[in-house]
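Take a look at the structure set out below.
Taken together, the values in this text are just the output of simple stated rules run on the coordinates, not laboratory data. What you see is a predicted model; the values in this text were computed from it and never measured. Every residue, glycine among them, receives a Cβ derived from its backbone with ideal geometry; neighbour counts consider all protein chains shown.
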Amino acid sequence: MSTQVDDSVREAVLELFLGGDSSFPLEPDMDLVESGICDSMGLVQLAAALEERFPGLEIQDQDVTRENMGSLSAIAAFIRRSGVAG
């Protein structure tokens, strides 16, 4: 079941790294780095984009890890844990 958080995270990844191509088979647990969608600098860019999408979200440098930011589902879980989105 997709939520607003999941959809917004997916949209951010599609816009930043895939030219907005919503037909790309981006799975929730797909590793964004291993699959070549982005690199570690891309995760930093993604963190900044997510802070803009989710008011109140602050992603510290030490939070930009593959555990927190490595897949759509990991990112959505991180945002939910932050308390800024349900």
> With a sphere of radius 15 Å drawn around the Cβ of SER23, what net charge do the other residues whose Cβ falls strictly inside it have (Lys, Arg +1; Asp, Glu -1)?
Replying inline: -3
> Kirkwood hydrodynamic radius of the chain from all distinct Cα pairs, in Å?
Replying inline: 12.7
> Which of the GluC sites (Glu not before Pro) found in the range 33-85 are in a DSSP loop and have at most 16 neighbouring Cβ atoms, other than their own, within 10 Å?
Replying inline: GLU34, GLU58
> Taking the Cβ of GLY70 as the center, what net charge do the other residues with Cβ under 11 Å away carry, scoring Lys and Arg +1 and Asp and Glu -1?
Replying inline: -3
